[in-house]
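In what follows, a structure is listed as structure tokens, so that the remarks can point back to it.
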Amino acid sequence: MLASNRTLRAMDFIDLKTQYRRIKPAVDARIARVLEHGAYVMGPEITELEQVLARFCGTKHCVTVASGTDALLIALLALDIGPGDEVVTVPFTFFATAESIALIGARPVFVDIDPRTYNMDPARLEAAITPRTRAIMPVSLFGQCADFDALNAIACAHGLPVIEDAAQSFGATYKGRRSNALSLIGATSFFPSKPLGAYGDGGALFTDDDSLAERMRATRLHGQDRRYHHPRLGLTGRLDSIQAAVLLAKMEVFDGEAAARTRLGTRYTELITEAFGPELPSVRAPYIEPHNTSIYAQYTIEVEGREFVETRMKARGVPTAVHYPLPLHLQPVFERLGYRAGSFPVSEAAARRVISLPMHPYLSEADQVQVVSALQESVSA
Ligand SMILES: Cc1ncc(COP(=O)(O)O)c(C=O)c1O
């Protein structure tokens, strides 16, 4: 058993306050500047942030938006996808992925996931493509990119655009390239708990395609190409200047935080392997492809008897979360799609077994030991 000789104390699942204390002068100064200049919507911070983010991800364009959900919606609207169209995605993800497709009147078509990475299984994609398919939307779940070389090749053979739902993977890499720059469009979220989080909602789109970037910029502003002139439909989809100011301050420390996340994820896996043995019969640690670096938006493992483990860990001061307990094809609102229990067995098995452990860049070694000791006591109890 791992030695945890500290007194047990309650810890945060995600600690955003320690980060704020570290970057307070930069955040406060940047917010104060917005309050002074008064351009609360589409202020100079928006252009500055878009340049910083595009450079970071390695794309020609970045278009900031009001949330990750709006990023997906705007991508679909800019591709002129709508009623009668199908978009292929995965059932094991946050609801917003398929919601964005359904909101524009298109039909989400699900493909099961790879059991090791939880991402779209390229071997199953081809069979889901029909003459009505208009786009492929893989998710880079928990901070690890999907297999974009394989997915892009299949999409390309069918002339289909690929939108990466990169809400959880900003900062991750795939074969040395950054998430958001791996397909026609990358769409990310700046929800506060994400690897790069604002102090409210936010998101961004990434592409190298000039005319698509133009359409996405127009779509976030009610489809207007010039003031009060609207060739397309759109929405109030802009990021606030204050959120851009916060994100600019956070980008100054992001490289260090990303390295810490990768280090902490690797350390968790070492501690779990030490505690449960290399065979890990009752606990499965995350599998990261050798060509990927995960940003560990979540550190998610699989256990037997999840509810019991959760209760026991909570009693030991360790909060956990389940991402996600019900796959999207079994959500009540998607009953009309005609799927049923058993349609996607890999997603369904993952949804029964996954549990996420506390994860943020300021987690200490002692915290990690406490988490894994609590896990060991809870699983074997
Ligand atoms: C995979 C995935 N897609 C989309 C979203 C939506 O992002 P937002 O909450 O910023 O709208 C999230 C957010 O949790 C997500 O995890």
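The values are calculated or read from the model by the stated rules, or taken from the named source; none is laboratory data. Keep in mind the model is a prediction, meaning the values are calculated, not measured. Here the Cβ positions follow ideal geometry from the backbone for every residue, glycine too, while neighbour counts run over all protein chains shown. All accessible areas refer to the heavy atoms of the entire protein, side chains included, with ligands and DNA or RNA removed. Shrake-Rupley method; radii C 1.70, N 1.55, O 1.52, S 1.80 Å.
Worth pointing out:
- Where only DSSP H runs of four or more residues are counted, the chain gives -12500 deg cm²/dmol as its mean residue ellipticity at 222 nm, each run worth -39500 (n - 2.57).
- Viscosity 1.002 mPa s, temperature 20 °C, Stokes-Einstein D of the range 178-255 from Kirkwood C-alpha radius, µm²/s: 156
- Listed residues His158, His360 arranged by accessible area, highest first, probe 1.4 Å: His158, His360
- For the range 142-290, the fraction of C-alpha pairs more than 29 angstrom apart is 32%.
- Peptides 248-256, 20-28 ordered by average Cβ neighbours within 10 Å, highest first: 248-256, 20-28
- Column: log10 I(q)/I(0), Debye, Cα scatterers of the range 178-223, q = 0.29 Å⁻¹: -1.00
- Long-range Cα-Cα pairs in the range 98-225 (distance over 27 Å), rounded percent: 17
- Accessible area expressed per residue, the range 111-212, with surrounding protein chains retained (probe 1.4 Å, Å²): 31
- Cα Rg, Dmax, the range 11-77, angstrom units: 15.1, 42
- The orientation-averaged shadow of the Cα convex hull for the range 52-147, equal to a quarter of the hull surface, comes to 6.7 nm².
- Other-chain or far-sequence residues with amide H under 5 Å of Gly171's (modelled H): Ser179
- Measuring nothing but alpha carbons in the range 239-381 and taking Rh as the Kirkwood radius, the Rg to Rh ratio lands at 1.03.
- Among 70-77, 32-39, 176-183, 119-126, the peptide with the highest mean count of other Cβ atoms within 10 Å heads the list, and the full ranking is 70-77, 176-183, 119-126, 32-39.
- Estimated Rh, the range 1-113: Kirkwood, alpha-carbon pairs, angstrom: 18.4
- Distance violations [Cα-Cα > 20 Å] among Lys17/Lys194; Lys60/Lys250; Lys24/Lys250; Lys250/Lys314: Lys60/Lys250; Lys250/Lys314
- Along principal axes, Cα extents of the range 239-279, largest first, whole Å: 50, 17, 10
- Viscosity 1.306 mPa s, 10 °C: Kirkwood-radius Stokes-Einstein D of the range 307-381 over Cα pairs, µm²/s: 112
- Rounded to the nearest 20 debye, the dipole size of the chain about its Cα centre is 620 debye, using +1 on the Cβ of Lys and Arg and -1 on the Cβ of Asp and Glu.
- For the chain, alpha-carbon Rg and Dmax in angstrom: 20.9, 67
- Solvent exposure, largest accessible area first (probe 1.4 Å, DNA, RNA and ligands not counted), of Tyr118, Tyr228: Tyr228, Tyr118
- In this view, the solvent-accessible surface of Glu377, computed with a 1.4 Å probe and all protein chains in place, comes to about 60 Å².
- Split the accessible area of the chain by element, probe 1.4 Å, and carbon with sulfur accounts for 55%.
- Within the range 258-361, the GluC sites (Glu not before Pro) that combine a DSSP coil assignment with at most 14 other C-beta atoms in a 10 angstrom radius are Glu279, Glu304.
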